[in-house]
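Colleague: First the structure, which I've put down as structure tokens, then a few questions once you've had a look.
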Amino acid sequence: MPKRSYRSRSIRKIYIKTPGGKTVIHYERKKPKKAHCGSCGAILKGVPRERPYKLRKLAKTQRRPERPYGGVLCSKCARLLFIREARK
């Protein structure tokens, strides 16, 4: 029987075959929801859907798009914001 903390629906089971031919179960937390735009709530493109400990291992350029407000606002909302700021 698995450890008590692994007996939850929020934990994902991964069946892995070892070199010896035995199948073992690895337990992993499920992936979080996709990142959403702070303004309109649209799903952000270019932002990986990973747990924080896996995101930390990625390069900064792989974590979010390299534009102003990348990873916070969608490109549509960012464009509208720049136009609004330029008019002031």
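Since every read-out is calculated from the coordinates, none of them should be taken as a lab result. For clarity, every value in this text was computed on a predicted model and none was experimentally measured. Here Cβ is always computed from backbone atoms with ideal geometry, including for glycine, and neighbour counts include all displayed protein chains.
Colleague: Got a sec to turn the phi values of region 54-62 into Karplus ³J(HN,Hα) couplings, 6.51 cos²θ - 1.76 cosθ + 1.60 with θ = phi - 60°, whole Hz, x for Gly and Pro?
Modeller: 7, 5, 4, 6, 6, 5, 4, 6, 8
Colleague: Quick one: among R64, R51, R12, which has the greatest mean-square fluctuation in a GNM of the chain with alpha-carbon springs under 10 angstrom?
Modeller: Ranking R64, R51, R12 by mean-square fluctuation puts R12 first.
Colleague: Along the charge dipole of the chain, Cβ charges K/R +1 and D/E -1, which of S5, P65, C40 sits furthest on the positive end?
Modeller: Comparing the listed Cα positions along the dipole, S5 ranks first.
Colleague: Now for a separate question. 5 Å is the cut-off here: which amide hydrogens, built 1.01 Å from N in the peptide plane, fall below it relative to S39, excluding neighbours closer than 5 in sequence?
Modeller: Here C74 satisfy the definition.
Colleague: Helix 75-87: angle to the longest alpha-carbon principal axis of the chain, degrees 0 to 90, nearest 10?
Modeller: Once rounded, the angle reads 30 degrees.
Colleague: Please flag any cysteine in the chain that has no other cysteine's Cβ under 4.7 angstrom from its own Cβ.
Modeller: So, C40, C77.
Colleague: In addition: Within the set K34/K88; K3/K31; K22/K57; K17/K45, which residue pairs have Cα atoms separated by over 22 Å?
Modeller: Table pairs above 22 Å Cα-Cα are K34/K88; K22/K57; K17/K45.
Colleague: If you average the sequence gap of Cα pairs under 8 Å that are 6 or more apart and divide by the length of region 32-88, what percent do you get for the contact order?
Modeller: That works out to 35 percent.
Colleague: Continuing with this model, one more query. If you place +1 on the Cβ of every Lys and Arg, -1 on the Cβ of every Asp and Glu, and leave all else neutral, what size is the dipole of region 32-88 about its Cα centre, to the nearest 20 Debye?
Modeller: Numbers: 17 positive and 3 negative charges, 29 e Å.
Roughly 140 debye for region 32-88.
Colleague: Please give the length that would be gained between H26 and M1 if that part of the chain were fully extended, namely 0.36 nm times their separation in residues minus their C-alpha to C-alpha distance (nm, one decimal). Intermediate values should be presented prior to the final figure.
Modeller: Values: separation 25, 0.36 × 25 = 9.00 nm, distance 1.30 nm.
Gain on extension, H26 to M1, equals 7.7 nm.
Colleague: Say each of I43 and K88 gets a label point 7 Å from the Cα, pointing the same way as Cα to Cβ; how far apart are those two points in nm?
Modeller: That separation, rounded to one decimal, is 3.3 nm.
Colleague: Moving to a separate point now. Whole-Hz Karplus ³J(HN,Hα) for region 46-52, in order, using 6.51 cos²θ - 1.76 cosθ + 1.60 and θ = phi - 60°, x for Gly and Pro?
Modeller: Using θ = phi - 60°, the values come out as x, 10, x, 9, 9, 6, x Hz.
Colleague: Wrap a convex hull around the Cα atoms of the chain, take a quarter of its surface area, and give that in square nanometres.
Modeller: If you wrap the Cα atoms of the chain in a convex hull and average its projections, you get 8.5 nm².
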